[in-house]
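Q: Dropping a structure here in structure tokens format, bear with me for questions.
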């Protein structure tokens with residue numbers, strides 16, 4: 001079996017930046033879950049997206065090297081980029097059926113804009129070992145799907161050196177850390193050692209929680225954000241009621257075939 005495969009760098013217009021995602025276009029429907037997981041492990045990227053087209057409908061699933069995810073931003077932008085730019089899909093917008101319901105990506109002034117559910121966080125007690133695990137004490141702790149730790153400034157977020165082995169024992173999928181940016185509305189990093197990704201380069205799903213937090217704190221619904229991982233990435237954000245809009249760019253690094 002030959003499977004068309006693309007490697008796309010997302011949330012950056014430059015190669016070797018942003019978050020890399022694999023995109024597998026499955027021509028004959030879903031393969032067994034074990035096979036999908038093995039492909040994702042072999043790719044060894046933070047996420048591999050699998051797309052099945054049934055008539056005019058696109059179905060989308062996301063796998064890290066170790067688990068299937070319920071929502072992933074950059075690995076939604078990546079297949080949309082492939083359909084728009086590599087396969088010349090003519091529509092203005094693409095909708096995907098996913099485990100988190102319908103999500104879409106639209107073209108808007110050079111950006112690919114995700115429409116995702118908003119996931120506001122609520123204040124909660126901080127894990128007792130948070131300061132030790134994160135390497136610095138946060139100012140606040142909130143929780144949605146992930147922990148959200150708030151720090152004083154960008155330099156604190158950049159300087160964190162987490163203990164991933166201890167973090168893996170916490171009771172959330174991931175850990176978001178954030179602070180006001182020096183030259184941008186806010187910055188963040190995202191850690192998910194329990195999902196096989198110690199630090200994700202740029203995380204769209206984390207912004208489902210970051211956007212409502214910063215929109216309320218800063219009193220505005222349009223925000224510019226940067227994820228300050230080693231690769232780094234830029235996101236254009238908007239709070240839209242119970243949804244969030246997350247815009248960015250993408251570039252194709254590799255095109256080929258998987259042979260199974």
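Q: Kindly provide the Kirkwood hydrodynamic radius of the chain in Å, to one decimal, from all pairs of distinct alpha carbon atoms.
A: 18.4 Å
Q: Further question on the same structure: Within the chain, what percent of beta bridges assigned by DSSP are antiparallel, to the nearest 5?
A: Roughly 85 percent of the DSSP beta bridges within the chain come out antiparallel.
Q: Could you compute how fast region 166-260 diffuses translationally, taking Rh as the Kirkwood radius over C-alpha pairs and applying Stokes-Einstein at 4 °C with viscosity 1.567 mPa s? Give it in µm² per second.
A: 89 µm²/s
Q: OK, next. Output the antiparallel fraction of DSSP beta bridges having both residues in region 122-241, as a percent to the nearest 5.
A: Counting DSSP beta bridges with both partners in region 122-241, the antiparallel share is about 75 percent.
Q: A follow-up question, please. Normalised by the number of residues in the chain, what is the relative contact order in percent for Cα pairs under 8 Å and 6+ residues apart?
A: 24 percent
Q: Which order do the peptides 85-94, 41-50, 23-32, 238-247 take when ranked by the mean count of other beta-carbon atoms within 10 Å per residue, highest first?
A: Result, highest mean Cβ count within 10 Å first: 41-50, 238-247, 23-32, 85-94.
Q: With n ≥ 4 as the cut-off for DSSP H runs, can you work out [θ] at 222 nm for the chain, using -39500 (n - 2.57) per run divided by the number of residues, rounded to the nearest 500?
A: Taking each H run of at least 4 residues, the total per residue is -4500 deg cm²/dmol.
Q: Let me ask something else about it. Kindly identify region 72-192 as rounded, prolate or oblate by the Cα gyration tensor criterion: order the square roots of the eigenvalues as a ≥ b ≥ c, call it rounded if a/c is under 1.5, otherwise compare a/b with b/c, prolate if a/b is larger, else oblate.
A: prolate
Q: Pairs of alpha-carbon atoms within less than 8 angstrom and 6+ residues apart define the contacts here; what relative contact order does region 122-241 have, in percent?
A: It rounds to 18 percent for region 122-241.
Q: Find the relative contact order for region 68-158 and round it to a whole percent, using C-alpha pairs within less than 8 Å whose residues are 6+ positions apart.
A: Relative contact order for region 68-158 comes out at 17 percent.
Q: Sort out for me the Cα centre separation of region 242-260 from region 37-83, rounded to whole Å.
A: If we compute the Cα centre of each part, the gap is 9 Å.
Q: Quick check on region 1-95: what does the Kirkwood estimate of hydrodynamic radius come out to from the alpha carbon pairs, in Å?
A: It is 13.5 Å.
Bear in mind that the values in this text are calculations on the coordinates, not laboratory data. In this text the structure is predicted, and so the values were computed from the model without any measurement. Note that we place each Cβ from the backbone using ideal geometry, even for glycine, and neighbour counts take in every protein chain shown.
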